[in-house]
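One structure is given below, encoded as structure tokens.
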Number of protein chains: 2
Amino acid sequence: MALTIFGVPGLPEIEAGSDLAEMIATAAAADGNPLADGDVVCITSKVVSKAEGRTVDLNTVEVSPFVQQYAEKWEKDPRAIELVFQEARRVVRQVGPVLITETKHGFVCANSGVDQSSSGGHDRAVLLPIDPDGSARRFRQRFKELGVDVAVIVTDTFGRPWREAQTDIAIGIAGMDPVISYIGQVDPHGHEFRVQAICVADELAAAAELVKGNVSRVPVGVVRGLQWTPDEQATMQSIIRDSQNDLFR
Amino acid sequence: MALTIFGVPGLPEIEAGSDLAEMIATAAAADGNPLADGDVVCITSKVVSKAEGRTVDLNTVEVSPFVQQYAEKWEKDPRAIELVFQEARRVVRQVGPVLITETKHGFVCANSGVDQSSSGGHDRAVLLPIDPDGSARRFRQRFKELGVDVAVIVTDTFGRPWREAQTDIAIGIAGMDPVISYIGQVDPHGHEFRVQAICVADELAAAAELVKGNVSRVPVGVVRGLQWTPDEQATMQSIIRDSQNDLFR
């Protein structure tokens, strides 16, 4: 089994209300790589959020006293930090200028995924989609209307404990089971697998990042050739470890 | 830029002293995909360890009293757990039957990466390579002798906090810088990047896992088409977060 992975360049600037699926399908075809049945389309959450209007004018943000003193101490924009807290349901670590939170979706990441980096001006922030699985499902449905049966993954770029630098991971999915389970299977020696389950969704997100590039603004990567298990109930919520089994709260 | 990823099937059983690089090059060619300059060859640590003789006959292991009582309590093989402790320099979490350790290389993972699953018999365990970067460098050198200039990544399958299921990551590297840094660069809007550095080595390991499969015994995946930065001093040690910045010790 060989996979091919290609980026989808040439997307116009995304705005609230943009038909992003249609723009992706058109741009892929224009680049000589029209989407095809079975593709896994990995879309950076930032453009999903922009299309869904999940941007905030920082001048409209009311800053709480707690946030104000913290932001001042560490020379951060208090309006952006206020959004980080509003997007969080729990602070996991707040050490010096580093703020690791659990988002309302249950993902653990820096700054609740709030992105102030490239939102079309210094006074805007981009929040994560409210329901990344729902976003992915709507994309999958729209791609179907456009004639292709594809799985969709909404990605974001997360840090991780113990290892420097970041990788892309999946925060939303539609059409395919995010996990391949080996539980109960045996290897060629008749021994049970040490690896019990692989989060193929995260591996696909990581693979797609390799063709995106952060500078060149290619927010979509397509993985072709993977045999995936169709699953219309798929959700990235299934990989969130419950608090009882979480050793790193 | 499009990437292709393919597995290298048909490898014979690996034994201590096997010329694994030669076996990989031969098997890839036999499968119609001869290795080529610029490929990134991702090799599962288990076969690296086997070729390096990093297997242990469990009947030779002397079990300490501390390990004996822990293993009995949780119905684990005390000999395998003894090896887990011998391979560790620090226990990060020991909660119920779960044992998260920092290996002597500095990687944080379950059971120090000790693998009792498919080592050619129930009385053998496979340990991680002593120096995975060194292993990767020797592979790279051997591939060069065989006529191809490739980067090499030694991979393992790790769990992670907060997210269920596992993904493949890099534990050793040769020939290419494991990280792409965006520090100081600006996006098309003139704003600095939120993402400062991408661990492309981990993303390559994850991508390669997609063509490996744990059941079908394909321990090698090759990524072709990536523009990587040559770096003869490359090491995965560079991505290990130092203890001062580690919020999850």
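Say whether the condition of being of a type in the set (D, E) and away from chain A (no Cβ under 14 Å) is met by at least one residue in region B:28-36. Explain how you work it out, then say what you get.
Taking region B:28-36 and keeping what is of a type in the set (D, E), we get B:31.
Now narrow it down to the ones that are away from chain A (no Cβ under 14 Å): none.
No.
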Exercise for the section: State all residues of region A:135-167 that are of a type in the set (A, V, I, L, M) and surrounded by 21 or more Cβ atoms within 10 Å (Cβ to Cβ); if no residue qualifies, say none. Expected result: A:A136, A:V150, A:A151, A:V152, A:I153, A:V154, A:A165
Handout entry: Test for A:I169: is it modelled with pLDDT of 95 or more, under 12 Å from the mean Cα position of the chain (by Cα), not small (G, A, S) and not in a strand (DSSP E or B)
Key = no
Practice task
Specify the residue that is farthest from B:K212 (Cα to Cα); the eligible residues are those in region A:1-21 that are crowded, with 19+ Cβ neighbours inside 10 Å and away from chain B (no Cβ under 14 Å).
Solution key: A:L20
Practice task
Would you be able to say whether some residue in region B:76-94 is in a helix (DSSP H, G or I), more than 12 Å from chain A (Cβ to nearest Cβ) and under 19 Å from B:T155 (Cβ atoms)?
Solution key: yes
Fill in the blank from the handout: Scanning region A:83-106 residue by residue, those touching an Asp or Glu at 6+ places or on another chain (Cβ under 7 Å), farther than 17 Å from A:L247 by Cα and not hydroxyl-bearing (S, T, Y) turn out to be A:A88, A:R89, A:K104
Fill in the blank from the handout: Matching residues in region A:129-152 (within 28 Å of A:A88 (Cα to Cα), of a type in the set (A, V, I, L, M) and touching an Asp or Glu at 6+ places or on another chain (Cβ under 7 Å)) number 0
Practice task
Scan region B:30-48 and report the pairs whose first residue is under 22 Å from B:M236 (Cβ atoms) and whose second residue is among the polar types (S, T, N, Q), with Cβ atoms within less than 7 Å and a gap of 6+ or a chain change.
Solution key: B:C42/B:T155; B:I43/B:T155; B:T44/B:T155; B:S45/B:T155; B:V48/B:S135
Problem - Where B:I24 falls short, out of the listed (1) crowded, with 20+ Cβ neighbours inside 10 Å; (2) within 14 Å of chain A (Cβ to nearest Cβ) - result: (2)
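The values are calculated or read from the model by the stated rules, or taken from the named source; none is laboratory data. Given the structure is predicted, the values throughout are model-derived calculations rather than measurements. Please note: Cβ atoms are built from the backbone with ideal geometry, for glycine as well, and neighbour counts cover all protein chains shown.
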